[in-house]
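Here you go, one structure.
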């Protein structure tokens, strides 16, 4: 996983729970406290898993809930690094439709060693979008948070639910997103 | 500040310092990689530029407004301007007809167009016929088009020359057919001339005997009126004159017929002698045939002298091809002599000779014609190169000679020419093994 995700995670924990909590989290997770995560570098997925699991215990928050909150922060953190992707769109739906073909494509070009999930889209109606999410990391809860952050950024209301989840035996996670939901 | 907070700050500070170090290292690493990539890109760009500059075809990049964005060296050459001077110019100025016809189709369909024939407006010269191919530049935000332009001038010249050569080939075939058809009448005319000659000789002998009989009769008292009538007939028929001139006329007739027979045979031999098979060749015979056939070309402009080696060994080769080569050399020599104005001065001279030099058989044709400019000596053996005015030369003569001598017979061709003084061409062939 790229260092930038770890850095945004650090900011998320510090902003939400305080700087000392993050230091305690590092100690509890056994992560060397003076070793930084450098944005463009790559670190083991397991390190992030350990940090999230430890944080869940420390903060007494369910992992899916924690990941969803982190996902919303991650959207803004990534947007700050590359604002052009979202700024090129006027609405959440059109942005979401170009994530696979543009955002993920650009990440692969810039960091050939980066692993990104794949999206497959279905468009049952003008205000509904289906996304089939595939990732060896199975971070559909983080995806939920990213969708929350995106909706917030575009000032829209979405309703999202998963009709299938890899954590419940599905081969993929199937998202149905309804835009401008009342 | 509480100790716990201080410790937290110190850990963050230490992490931040390490991060700066790591980022510096990363930056250096990326800078090095960027430099290497930059150099690769430069090399690649330079190579691409060199390729485009040496390309035989012209390359042109135009924007959607049909203005020239870039052009390679060849295109600038075709237009007769510097590449830089073409930048920003409208395509309509360079290829006026393009804008009217193919372009709207390319713009609408956004599909490549291949081999469309148009003309380029060349500065200070004739329009240059070109073949134009256009393709939209894929994934170009500016929506540019790439045009590839091939100069068709040389191809057009070749087509014209080929057409002329084809015409001459047909004429050659026709001449061979005519020669074949002439064979039979020439044969019976010759036979009948011989027959008439023999008959005339008998008649004249008879007339002579008759004269003697008449004179004897007159002396013996035969009716004088009858004698006088016979004498009058003898005077009217001018028997003495006939006796004197008939053998001369017959000799001239036979000479003319012999020449006709020889020309007909030479043309036939050159057209069909060995069906393209290699055979033993009598070089002097081939030379004499070529001289006979080309007589009409040289007889009005030059005296032709021959110096043929009397003891030439046979060589292996293709007599019809050798005849063709010598015919081309003789015709060229005659034209060169005429071009030098020797006809008016009456001192045109063509010399044809054969000889042996070591193990080689040598054939030479020398003239005192206009000669060849030094700068053209290498070009005159190229196919379709000619200095003659349009319609007079196909530009294939000497290229055929060289192909026949060097490729078909393993020989060598030597050229020695001085402008204004004349040309000597020597063909060297290996003797038959």
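Return the pair list, or none, for Cβ contacts closer than 7 Å from residues in the range B:55-74 that are on the phi > 0 side of the Ramachandran plot to residues that are surrounded by fewer than 16 Cβ atoms within 10 Å (Cβ to Cβ) and assigned to a strand (DSSP E or B), at least 6 apart or on different chains.
B:66/B:90
Check off (1) away from chain A (no Cβ under 13 Å); (2) modelled with pLDDT of 90 or more; (3) in a helix (DSSP H, G or I) for residue B:104 and give me the number that stays unchecked.
For residue B:104, the failing item is (2).
Among what's in the range B:270-281 and is modelled with pLDDT under 70 and either within 23 Å of the chain's Cα centre (by Cα) or loosely packed, with under 14 Cβ neighbours inside 10 Å (or both), pick the residue that is nearest to residue B:294 (Cα to Cα). Spell out the reasoning first.
Going residue by residue through the range B:270-281, those that are modelled with pLDDT under 70 are B:270-276.
Now narrow it down to the ones that are either within 23 Å of the chain's Cα centre (by Cα) or loosely packed, with under 14 Cβ neighbours inside 10 Å (or both): B:270-272, B:275-276.
Details: B:270: 12, B:271: 14, B:272: 18, B:275: 22, B:276: 22 Å.
This residue is B:270.
Looking at this structure, is residue A:12 surrounded by 15 or more Cβ atoms within 10 Å (Cβ to Cβ), farther than 25 Å from residue B:5 by Cβ, away from every other protein chain (no Cβ under 14 Å) and in contact (Cβ under 8 Å) with a residue 40 or more places away in the chain? Steps first, please.
On the way: surrounded by 15 or more Cβ atoms within 10 Å (Cβ to Cβ): yes; farther than 25 Å from residue B:5 by Cβ: no; away from every other protein chain (no Cβ under 14 Å): yes; in contact (Cβ under 8 Å) with a residue 40 or more places away in the chain: yes.
No, not satisfied.
Now for a separate question. Pick from B:4, B:28, B:21, B:17: which is out of contact with any helix residue (DSSP H, G or I) (no Cβ under 6 Å at 6 or more places or on another chain), within 14 Å of another protein chain (Cβ to nearest Cβ) and closer than 19 Å to residue A:111 by Cα? Quick ask: steps written out before the conclusion?
Numbers: B:4 fails: closer than 19 Å to residue A:111 by Cα; B:21 fails: closer than 19 Å to residue A:111 by Cα; B:17 fails: closer than 19 Å to residue A:111 by Cα.
Exactly one residue qualifies, and that residue is B:28.
If you check A:43, A:22, which single one turns out to be within 14 Å of chain B (Cβ to nearest Cβ), touching a residue at least 12 places away in the same chain (Cβ under 8 Å) and over 18 Å from the mean Cα position of the chain (by Cα)? Quick ask: steps written out before the conclusion?
Numbers: A:43 fails: over 18 Å from the mean Cα position of the chain (by Cα).
Step by step, each of A:43, A:22 is checked, and only A:22 is within 14 Å of chain B (Cβ to nearest Cβ), touching a residue at least 12 places away in the same chain (Cβ under 8 Å) and over 18 Å from the mean Cα position of the chain (by Cα).
Here is a yes/no grid of residues against (1) over 24 Å from residue B:147 (Cα atoms); (2) surrounded by 13 or more Cβ atoms within 10 Å (Cβ to Cβ):
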residue: B:31; (1), (2): yes, no
residue: B:40; (1), (2): yes, no
residue: B:61; (1), (2): no, yes
residue: B:64; (1), (2): no, no
residue: B:73; (1), (2): no, yes
residue: B:76; (1), (2): no, yes
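Among B:77, B:67, B:45, which is away from every other protein chain (no Cβ under 13 Å), under 50 Å from the mean Cα position of the chain (by Cα) and at pLDDT below 90?
Values: B:67 fails: at pLDDT below 90; B:45 fails: at pLDDT below 90.
Exactly one of B:77, B:67, B:45 is away from every other protein chain (no Cβ under 13 Å), under 50 Å from the mean Cα position of the chain (by Cα) and at pLDDT below 90, namely B:77.
Now for a different question. Are any of the residues in the range A:80-90 closer than 21 Å to residue A:137 by Cα, under 16 Å from the mean Cα position of the chain (by Cα) and away from chain B (no Cβ under 14 Å)?
Here is the first cut: in the range A:80-90, the residues closer than 21 Å to residue A:137 by Cα are none.
No, that holds for no residue.
Taking the range B:213-234 only, how many residues are surrounded by fewer than 10 Cβ atoms within 10 Å (Cβ to Cβ) and assigned to a helix (DSSP H, G or I)?
First, pick out the residues of the range B:213-234 that are surrounded by fewer than 10 Cβ atoms within 10 Å (Cβ to Cβ): B:219-221, B:225.
From the residues that got through so far, the ones that are assigned to a helix (DSSP H, G or I) too are B:219, B:225.
Summing the residues that are surrounded by fewer than 10 Cβ atoms within 10 Å (Cβ to Cβ) and assigned to a helix (DSSP H, G or I) in the range B:213-234 gives 2.
Let me ask something additional. For the range A:137-182, what are the residues that are part of a helix (DSSP H, G or I), touching a strand residue (DSSP E or B) at 6+ places or on another chain (Cβ under 7 Å) and within 24 Å of residue A:1 (Cβ to Cβ)?
Kept after step one, since they are part of a helix (DSSP H, G or I), are these residues of the range A:137-182: A:140-154, A:166-168.
Going one step further and asking which of them are touching a strand residue (DSSP E or B) at 6+ places or on another chain (Cβ under 7 Å), we end up with A:140, A:143-144, A:147, A:151, A:166.
The answer is A:140, A:143, A:144, A:147, A:166.
For the range A:107-136: of the residues being surrounded by 14 or more Cβ atoms within 10 Å (Cβ to Cβ) and not in a strand (DSSP E or B), which is farthest from the chain's Cα centre (by Cα)?
Selected residue: A:111.
Same structure, new question: Considering only the range B:119-178, how many residues are farther than 14 Å from residue B:78 by Cα and in a helix (DSSP H, G or I)?
Residues flagged as farther than 14 Å from residue B:78 by Cα and in a helix (DSSP H, G or I) within the range B:119-178 amount to 24.
Looking at the structure I just gave you, is residue B:98 buried (at least 16 other Cβ atoms within 10 Å of the Cβ), away from chain A (no Cβ under 14 Å) and under 44 Å from the mean Cα position of the chain (by Cα)?
Working: buried (at least 16 other Cβ atoms within 10 Å of the Cβ): yes; away from chain A (no Cβ under 14 Å): yes; under 44 Å from the mean Cα position of the chain (by Cα): yes.
The answer is yes for residue B:98.
Of all residues being touching a residue at least 40 places away in the same chain (Cβ under 8 Å) and within 18 Å of residue B:359 (Cβ to Cβ) in the range B:412-432, which is surrounded by the most Cβ atoms within 10 Å (Cβ to Cβ)? Just the residue, please. Explain how you work it out, then say what you get.
First, the residues of the range B:412-432 that are touching a residue at least 40 places away in the same chain (Cβ under 8 Å): B:415, B:417-432.
Now restrict to residues that are within 18 Å of residue B:359 (Cβ to Cβ): B:426-432.
Numbers: B:426: 17, B:427: 26, B:428: 18, B:429: 20, B:430: 15, B:431: 14, B:432: 13.
Across the range B:412-432, the extreme among qualifying residues is B:427.
The values are calculated or read from the model by the stated rules, or taken from the named source; none is laboratory data. As the structure is a prediction and not an experimental result, all values here were calculated from the model. We place every Cβ from the backbone using ideal geometry, glycine too, and count neighbours over all the protein chains shown.
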